[in-house]
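So the structure is just underneath, and the comments pick up after that.
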2 protein chains.
Amino acid sequence: MLIHSTTVAPEWVDYNGHLRDAYYLLIFSHATDALMDAMGLDAAGRAASGHSLFTLECHLNFLHEVKVDTRLEVWARLLALDAKRLQLHFGLYREGDTELLAASEQLLLHVDLAGPKSAPFAPAVYDWLATQLAAQQGEPWPEHVGRVIGLPPARK
Amino acid sequence: MLIHSTTVAPEWVDYNGHLRDAYYLLIFSHATDALMDAMGLDAAGRAASGHSLFTLECHLNFLHEVKVDTRLEVWARLLALDAKRLQLHFGLYREGDTELLAASEQLLLHVDLAGPKSAPFAPAVYDWLATQLAAQQGEPWPEHVGRVIGLPPARK
């Protein structure tokens with residue numbers, strides 16, 4: 001699902017004139033915010049429940065350079081869910097384009113901010129996530145999932 | 001090796017009052033800049049050679065929350081090297097402390113900016129990296145290397 005749209009800001013670009021690695025993750029982090037809004041963990045939901053999501057772990061593949069002022073879209077794919085955790089994939093694209101610019105796999109933990117300590121999703125949030133997950137279940141998993149970093153064998 | 005020190009800026013903190021995930025990576029990205037300076041790919045070296053490093057892929061583990069104004073240190077460990085690629089590990093710590101706050105494994109590609117296309121490290125840069133790698137060779141690899149994201153089996 002299309003979850004976030006943005007434009008590359010001048011302060012996100014490095015000395016090469018390209019989006020700096022950390023700002024790809026900032027765009028994905030804003031996509032996580034948008035997903036939290038959609039699941040009922042927006043500012044009002046967080047204030048009412050005392051719940052939030054923390055990122056436990058993420059993986060990023062940088063596939064293409066992105067220049068300032070480029071219009072971008074983030075598409076989200078839910079991969080797996082348990083009582084407290086959500087695994088998902090984000091893909092970054094130019095607006096209206098199909099070429100994958102970057103991918104991120106993420107593991108998010110549902111927390112009770114009073115601890116903070118891990119806590120089960122509220123039923124309404126869990127049901128929303130389970131419905132989204134079921135709707136995407138038939139499609140193959142994206143390419144950049146389950147990745148391990150390593151140097152490939154030297155080429156001759 | 002200690003490669004970078006910084007202080008958590010107010011604009012890096014999210015609605016939970018904690019360092020946002022993307023800004024952990026920004027700190028590691030600044031650590032990569034510092035490592036590039038050390039290997040001779042500082043601004044002058046880039047201008048003279050037309051060479052730079054691009055991040056191909058990275059993995060992040062977020063282990064502890066970090067609050068605004070905290071003084072932080074990044075320690076770098078080189079893991080592997082070939083003619084064009086460098087695999088490394090960064091650990092984030094509070095200044096003078098030994099508790100690991102976050103870890104990142106990264107795969108960096110040496111590029112000729114004229115393409116941009118991948119290109120072998122210049123001999124002086126390669127030799128510096130190989131010397132650093134050899135000096136750290138005896139130590140065991142850090143825990144957060146070679147990670148695959150996945151949901152653990154459900155607990156009862």
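What to note about this one:
- Close amide H pairs (under 5 Å, H built 1.01 Å from N) link residue A:81 with A:87, residues at least 5 positions away or on another chain.
- Computed from label points 7 Å out along Cα-Cβ, the spacing between residue B:38 and residue A:1 is 4.5 nm.
- Folded to 0 to 90 degrees: helix A:21-39 orientation relative to chain A principal axis, Cα: 30 degrees
- The charge dipole of chain A, taken about the Cα centre with unit charges on the Cβ atoms of Lys, Arg (+1) and Asp, Glu (-1), comes to about 440 debye, rounded to the nearest 20.
- Computed over the stretch B:2-135, Kirkwood Rh from alpha-carbon pairs, angstrom: 15.6 Å
- Of A:98, A:55, A:7, A:32, the sequence from fewest to most neighbouring Cβ atoms within 10 angstrom is A:98, A:7, A:55, A:32.
- In this simple spin-label model, placing a label point 7 Å from the Cα along the Cα-to-Cβ direction at both residue B:9 and residue B:137 gives a separation of 4.0 nm.
- Label-to-label distance, nm, for residues given as residue B:75 and residue A:94 (7 Å Cα→Cβ offset): 4.4 nm
- Length-normalised contact order of the stretch B:2-135 in % [C-alpha pairs under 8 Å, at least 6 apart]: 27 percent
- With bins 20 Å wide beginning at 0, the percent of Cα pairs of the protein assembly as shown falling in each bin runs 32, 59, 10, 0.
- Remark on residue A:4: its backbone amide H falls under 5 Å from those of A:74, a criterion applied only to residues 5 or more positions apart or on other chains, H modelled at 1.01 Å from N.
- Ranking of A:41, B:60 by count of other Cβ atoms within 10 Å, fewest first: A:41, B:60
- Applying the Karplus relation 6.51 cos²θ - 1.76 cosθ + 1.60 with θ = phi - 60° to the stretch B:100-108 yields 3J(HN,Hα) values of 6, 8, 6, 9, 9, 9, 9, 10, 10 Hz, where x marks Gly and Pro.
- Degrees, to the nearest 10: A:123-135 long Cα axis against longest axis of chain A: 40 degrees
- Start at zero, step by 5 Å, and the Cα-Cα distances of the stretch B:1-73 spread as 3, 14, 22, 20, 16, 13, 7, 4, 1 percent across the bins.
- Per-residue HN-Hα couplings for the stretch B:73-80 [Karplus 6.51, -1.76, 1.60; θ = phi - 60°; Hz; x = Gly/Pro]: 10, 10, 10, 10, 10, 6, 10, 7
- Close amide H partners of residue A:56, meaning residues 5 or more places away or on another chain with modelled amide H under 5 Å apart, are A:107, A:108, A:109.
- Table column - 3J(HN,Hα) (Hz), the stretch B:81-90, Karplus curve with 6.51, -1.76, 1.60, x for Gly and Pro: 8, 10, 4, 10, 10, 10, 10, 8, 10, 10
- Exposure proxy ranking for B:8, B:66, based on other Cβ atoms within 10 angstrom of each Cβ and starting from the fewest, stands as B:8, B:66.
- Of B:18, B:89, B:110, the one that fluctuates the most in a GNM where chain B has Cα springs shorter than 10 Å: B:18
Bear in mind that the values in this text are calculations on the coordinates, not laboratory data. None of the values given here were measured: they were computed from a predicted structure. Glycine also receives a Cβ, built like all others from the backbone with ideal geometry; neighbour counts cover every protein chain displayed.
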